[in-house]
1. Across region 92-129, what is the total count of residues that are outside any loop (DSSP other than H, G, I, E, B), closer than 22 Å to Ala50 by Cα and either touching a His at 6+ places or on another chain (Cβ under 9 Å) or outside the structural domain of Gly155 (by TED's automatic domain parsing) (or both)?
2. Output the number of the condition that Val21 fails; it satisfies all remaining conditions of (1) part of a helix (DSSP H, G or I); (2) more than 21 Å from the chain's Cα centre (by Cα); (3) not polar (S, T, N, Q).
3. Among the helices (runs of 4 or more DSSP H) lying completely within region 140-207, list those that include at least 3 residues that are farther than 16 Å from Asp92 by Cα, out of contact with any His (no Cβ under 7 Å at 6 or more places or on another chain) and not aliphatic (A, V, I, L, M).
4. Which one of these is surrounded by 15 or more Cβ atoms within 10 Å (Cβ to Cβ), modelled with pLDDT under 95 and β-branched (Val, Ile, Thr): Ile87, Ile65, Ile43?
5. So Arg40 fits all but one of (1) farther than 24 Å from Val240 by Cβ; (2) in contact (Cβ under 8 Å) with a residue 60 or more places away in the chain; what number is the exception?
6. Condition (residue is modelled with pLDDT under 95, in contact with a Cys (Cβ under 6 Å, 6 or more places away or on another chain) and either in the same structural domain as Arg17 (by TED's automatic domain parsing) or closer than 30 Å to Trp56 by Cα (or both)) applied to region 199-207: is it met by at least one residue?
7. Being part of a loop (DSSP other than H, G, I, E, B) and surrounded by fewer than 17 Cβ atoms within 10 Å (Cβ to Cβ) is the filter here; which residues of region 208-244 pass it?
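The values are calculated or read from the model by the stated rules, or taken from the named source; none is laboratory data. As the structure is a computational prediction, the values presented were derived from the model and not from experiment. Glycine also receives a Cβ, built like all others from the backbone with ideal geometry; neighbour counts cover every protein chain displayed.
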Amino acid sequence: MAAEVTTNGGEIRLGERVVSVREEADQVNLETDRGGMRARRLIACAGLFAGRVAKWCGIEDDFKIVPFRGEYYRLGSEKNKIVNHLIYPVPDPALPFLGVHLTRMIDGCVTVGPNAVLSLKREGYSRFAFSAADSLETLTYPGFWRVMRQNLRSGSDELLNSLFKTRYLAQCRKYCPELRASDLHDYPPGVRAQAVMRDGTMVHDFLIRKTRRTIHVCNAPSPAATSAMPIGREVARQAVALAA
């Protein structure tokens, strides 16, 4: 995909942090830690920072991105044949999270997870990661506290399952009773960029906001990764319409 971008005249700039975006009547100005650039249109897929980028462009501040860390384990190689397909719990329609499930990966290993616990840092992949600015933004947002009140029991369960491996194991054993704590090996976690509305509603669907010259993908829930190309086509369609 990178080759297609560059072949068609695009430029890929890695390791460059955008520090501000300013939309004007005839262009969009971006400032980065390596200088500035101008564009006729901007498509922003900023993940954990989608809310901040949207706000720079004047998008109404009626939602925020609340980061939730998803913790996984990997089963030992001797358990690679324990499942042949994906095994999911029955979803809770009130929550956008899938719950702990077993997944056979393309390399043959089996992962279990993820849970969903509040992260105190937007890119906080370790359990003790902390950012004062990110925490303050989350904890001073009224929508966050409404979410907590509405989901106090499930939130408490998720936290306890994170703190105590035996509780996490109990979730896995609903599908595979023969699993033991010694079967659960560390595996890299992820951080979900969950859009939460000011009224405390967790957005379950895609949330795309637009201004005259910008498009912002503000919420891309599961299965965003497997649907990336259709989503890209839809965003491209909207960009063409925006330019018309």
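1. Of all residues in region 92-129, those outside any loop (DSSP other than H, G, I, E, B) come to 101-104, 110-113, 117-118, 120.
Keeping just the survivors that are closer than 22 Å to Ala50 by Cα gives 117-118, 120.
In the following step, the residues that additionally are either touching a His at 6+ places or on another chain (Cβ under 9 Å) or outside the structural domain of Gly155 (by TED's automatic domain parsing) (or both) were identified as none.
Qualifying residue count, region 92-129: 0.
2. (1)
3. On the way: elements: 142-150, 152-163, 165-172.
Correct list: 142-150, 165-172.
4. Values: Ile65 fails: modelled with pLDDT under 95; Ile43 fails: modelled with pLDDT under 95.
Every option except Ile87 fails the conditions.
5. Every listed condition holds for Arg40 apart from (1).
6. Among the residues of region 199-207, at least one is modelled with pLDDT under 95, in contact with a Cys (Cβ under 6 Å, 6 or more places away or on another chain) and either in the same structural domain as Arg17 (by TED's automatic domain parsing) or closer than 30 Å to Trp56 by Cα (or both), which makes the answer yes.
7. Narrowing region 208-244 to residues part of a loop (DSSP other than H, G, I, E, B): 211-213, 220-227, 244.
Passing the criteria: Thr211, Arg212, Ser222, Pro223, Ala224, Ala225, Thr226, Ser227, Ala244.
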